[in-house]
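Remarks on the structure that follows.
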Amino acid sequence: MEERVSISISEGVADVRLVRADKMNALDQAMFEALVAATERLSKDKSVRVVVLSGEGRAFCAGLDMGRFAAMKEKGGNGIPGGENRDLTARTYGQANFAQQAVWGWRQLPVPVIAAIQGVAFGGGFQLALGADMRFLTPDARMSVMEIKWGLVPDMAGTPILASLVRDDILRDLTYTGRIFSAQEAMAYGLATRICDDPRAAAFEVARDIAGKSPDAIRAAKRLLNNLSVDPGPALLAESVEQQKLIGSANQTEAVRSNLEKRAAKYVD
């Protein structure tokens with residue numbers, strides 16, 4: 001896990017960092033595994049009262065590793081070793097599958113999670129940010145629901161979380177277009193909690209404040225706030241059903257190939 005995600009804990013605050021800076025903390029199989037392992041470890045640690053989630057280097061998380069898209073182009077499927085045989089609809093983590101748990105696991109943690117975001121949070125990286133209770137962004141941070149670019153849909157728990165944060169028409173706009181939007185737009189949409197020059201420092205300041213409160217009350221508050229949301233189960237399963245139908249299809253493969261070959265796509269009706 002340490003090759004992708006580092007964890008240090010001090011005075012009740014867990015400092016969780018994505019440590020693949022040379023790849024803009026992109027999501028490869030090892031990163032997915034490390035994120036799930038991190039949430040499992042933190043959920044069992046009673047000393048943790050709040051989590052700060054951030055990425056090393058110039059980006060929070062650039063999304064799915066480009067090597068996996070290259071594998072899609074060459075071999076079809078989802079570009080994950082052995083992934084062609086993985087049933088996305090199998091609920092392996094309660095209501096979630098493996099990829100969804102890399103995001104949903106942060107929502108399930110019994111303590112608050114603050115994401116400190118610089119650079120970009122695209123695609124799966126954007127969905128990872130959504131797993132946090134709060135999101136602090138630099139003024140020049142950029143985000144995108146980028147899955148449509150690759151002929152896919154958000155399938156890492158993004159849709160049920162987004163539905164609780166933004167207006168329906170904004171959600172459709174961002175999902176259908178995949179456009180990149182600014183930190184200021186994210187604030188207007190309800191996707192950013194704060195815009196600050198140093199979101200990591202600001203996150204730790206808030207985290208230390210939360211850690212000084214009664215841990216029983218904080219955990220109770222998170223349970224109450226999580227229960228305000230509608231049952232995510234149907235939405236999580238729907239993500240997987242739709243994504244499984246898209247992966248490896250003719251138009252999805254064409255989306256990947258056209259992007260990697262830097263040409264206009266030729267889709268079939």
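The values are calculated or read from the model by the stated rules, or taken from the named source; none is laboratory data. Please read all numbers here as calculations on a predicted model, not as lab measurements. Here the Cβ is made from the backbone with ideal geometry for all residues, glycine too, and neighbour counts use every protein chain on show.
Determine, yes or no, whether V36 is within 21 Å of the chain's Cα centre (by Cα), closer than 23 Å to A202 by Cβ and at pLDDT 95 or above.
Considered against the rule, which asks whether it is within 21 Å of the chain's Cα centre (by Cα), closer than 23 Å to A202 by Cβ and at pLDDT 95 or above, V36 comes out as no.
How about the stretch 213-241: which of its residues are surrounded by 12 or more Cβ atoms within 10 Å (Cβ to Cβ) and not hydrophobic (A, V, I, L, M, F, W, C)?
Of everything in the stretch 213-241, those that are surrounded by 12 or more Cβ atoms within 10 Å (Cβ to Cβ) and not hydrophobic (A, V, I, L, M, F, W, C) turn out to be K213, P215, R219, K222, N226, S229, P232, G233, E239, S240.
With respect to the numbered conditions (1) in a helix (DSSP H, G or I); (2) of a type outside the set (G, A, S); (3) touching a residue at least 40 places away in the same chain (Cβ under 8 Å); (4) touching a helix residue (DSSP H, G or I) at 6+ places or on another chain (Cβ under 9 Å), which one is the sole condition not fulfilled by L191?
In the conditions (1) in a helix (DSSP H, G or I); (2) of a type outside the set (G, A, S); (3) touching a residue at least 40 places away in the same chain (Cβ under 8 Å); (4) touching a helix residue (DSSP H, G or I) at 6+ places or on another chain (Cβ under 9 Å), L191 misses (1) alone.
In the stretch 108-185, which strands (runs of 3 or more DSSP E) lie fully inside it and hold 1 or more residues that are within 15 Å of the chain's Cα centre (by Cα) and of a type in the set (V, I, T)?
In the stretch 108-185, the matching strands (runs of 3 or more DSSP E) lie at 113-117, 120-122.
G79 is checked against (1) crowded, with 17+ Cβ neighbours inside 10 Å; (2) at pLDDT 95 or above; (3) of a type outside the set (F, W, Y); (4) in a loop (DSSP other than H, G, I, E, B) and fails just one. What number does that condition carry?
(2)
Within the stretch 28-70, can you find the residues that are assigned to a strand (DSSP E or B), of a type in the set (G, A, S) and crowded, with 24+ Cβ neighbours inside 10 Å?
Within the stretch 28-70, G55 is the sole residue that qualifies.
Filter the stretch 137-177 for residues that are in contact with a strand residue (DSSP E or B) (Cβ under 6 Å, 6 or more places away or on another chain) and surrounded by 18 or more Cβ atoms within 10 Å (Cβ to Cβ) and give the result.
Of everything in the stretch 137-177, those that are in contact with a strand residue (DSSP E or B) (Cβ under 6 Å, 6 or more places away or on another chain) and surrounded by 18 or more Cβ atoms within 10 Å (Cβ to Cβ) turn out to be L137, A141, R142, M143, S144, M146.
Any idea which residue in the stretch 51-73 is farthest from I117 (Cα to Cα), counting only those that are within 18 Å of the chain's Cα centre (by Cα) and among the aliphatic types (A, V, I, L, M)?
This residue is M66.
Of the residues that sit in the stretch 161-196 and are farther than 16 Å from F122 by Cβ and of a type in the set (S, T, N, Q), which one is modelled with the lowest pLDDT?
The qualifying residue modelled with the lowest pLDDT is S164.
Does any residue in the stretch 157-182 that is free of Cβ contacts under 8 Å to residues at least 60 places away in the same chain come within less than 6 Å, Cβ to Cβ, of a residue that is assigned to a loop (DSSP other than H, G, I, E, B) and among the small types (G, A, S) six or more places away or on a different chain, and which pairs are these?
That search, which allows pairs on different chains as well, returns L165/G190; V166/G190.
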